[in-house]
């Protein structure tokens, strides 16, 4: 390259503009916008082959980006001297050996992947059957009076459903028939998770809803098709329209926390679109709420929306921003949808029908199978339809000498069969979605 001189390692030629690095970042972001626009057109095409090809392109691109993330992290770890790198705990060593067996890796491949030596992997393999507290490879140890398999069931459930916390795990197992307290679950998970920050308990609040369909919440949110909206140029954000995001409207019953319905839009909906969504929902449910709470968005402050509510006998109110309990129900529901549904998907679909199907499956699982903390472990459907919660059914008791009249973890129920039963855990997935678990317990054979 004539006329160009390099002033040092890692520097640009003198004839190059100084803004070439920022230009490269801008070009990559612009290429991502173009790629998203093109793939969204292909994914929404009527040609099935074109849709399949678009999905393959998205998966291949996602895989290449994940490989680049892993390469960058491994390069940072390789700069640390081997004897100064953090050690793998005994449970992680067992997980590495299990992954090696599933992958069919050699000693060198396993050592190269996890940045250890081949002799280390060979030592773990040779000492796999050691027993005792000094064993190099072992299962996490139980710490309470329950049998060993109970701790293993809790930890296995955490592996299969990593989004569940200690309270949610206790509620899920209570619905399946095994009653454990949240502190017991936390002790069983202590070896595999870090203790979280201490939460300050909230003061009990008065719930105004007296029965189902007494008070509804309605709100809108955006679901990005990628991981964010940022761009390196002004205004530093992508437009909040399809194919860069979906707009989702959600209606929630305050009394039962049940998601009554949802609607998907390609751009920010108008007040008329929200009214049509609620009209369809009223006809499907066969009832109207007495009160309707919403945010002060343009769709809800329109005069037409206020007149529409008044003609139908609905008292429309706005939630107070920053006041606990006013908008917390719908905001927490939206947070759950994003944390347990859209962000759990490998890729958010570009097709309208595919994205709507994912939301429909999640809300069906949410209403029927997911225990709600505010409802003390019951599901929204059980409260809405006045059914007996599954956590109130007779429970299993794995402790063989536990007195029948003694109290157990809440809720208090009778013992099913005889104490000392051994249990197996079975995790099914709603419609084959891995992020929608359905947990059941059965006596071991």
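None of the figures in this text is laboratory data; all of them are computed from the coordinates on show. Given the structure is predicted, the values throughout are model-derived calculations rather than measurements. Every residue, glycine as well, gets a Cβ built from its backbone with ideal geometry; the counts of neighbours run over all protein chains shown.
Data overview
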| item | result |
| --- | --- |
| Burial ordering of 408, 341, fewest other beta-carbon atoms within 10 Å first | 408, 341 |
| Relative contact order (percent, whole number), the range 215-368, Cα cutoff 8 Å, 6+ residue spacing | 23 |
| Diffusion constant of the range 215-368 at 4 °C, which comes from Stokes-Einstein with the Kirkwood Cα-pair radius and 1.567 mPa s, µm²/s | 79 |
| The chain: most fluctuating residue of 380, 398, 48 per GNM, C-alpha cutoff 10 Å | 48 |
| Calculated FRET value between residue 127 and residue 106, using beta carbons and R₀ = 22 Å, to 0.05 | 0.70 |
| Candidates 344, 156, 61, ranked by Gaussian network fluctuation over the chain, Cα under 10 Å, top entry | 61 |
| Nitroxide proxy distance, nm - points 7 Å out along Cα→Cβ at residue 345 and residue 152 | 3.7 |
| Stretchable slack from residue 414 to residue 381, in nm (0.36 nm times residue separation minus alpha-carbon distance) | 9.5 nm |
| Distribution of pairwise C-alpha distances over the chain, 20 Å bins, in % | 18, 44, 32, 6, 0 |
| Gaussian network model of the chain, Cα within-10 Å springs - most flexible of 101, 273, 353 | 101 |
| Cα gyration tensor shape for the range 267-342, rounded if a/c is under 1.5, else prolate or oblate | prolate |
| Stretch gain in nm, segment residue 222-residue 393, where the contour uses 0.36 nm per residue and the Cα spacing is subtracted | 57.6 nm |
| Percent RCO, i.e. relative contact order, over the chain, from Cα pairs under 8 Å lying at least 6 residues apart | 15 |
| Cβ-Cβ FRET estimate between residue 64 and residue 445, R0 fixed at 56 Å, reported to 0.05 | 0.75 |
| Contact order relative to length of the range 387-443, as percent, for alpha carbon pairs under 8 angstrom and 6 or more apart | 30 |
| Diffusion constant of the range 37-78 at 20 °C, which comes from Stokes-Einstein with the Kirkwood Cα-pair radius and 1.002 mPa s, µm²/s | 184 |
| Over the chain: helical MRE at 222 nm, DSSP H runs n ≥ 4 each giving -39500 (n - 2.57), nearest 500 | -12500 deg cm²/dmol |
| Gyration tensor (alpha-carbon) shape descriptor, the range 7-129, a/c threshold 1.5 | oblate |
| Extent along principal axes [Cα atoms of the range 317-427; Å; largest to smallest] | 55, 35, 24 |
| Nitroxide proxy distance, nm - points 7 Å out along Cα→Cβ at residue 95 and residue 317 | 4.6 |
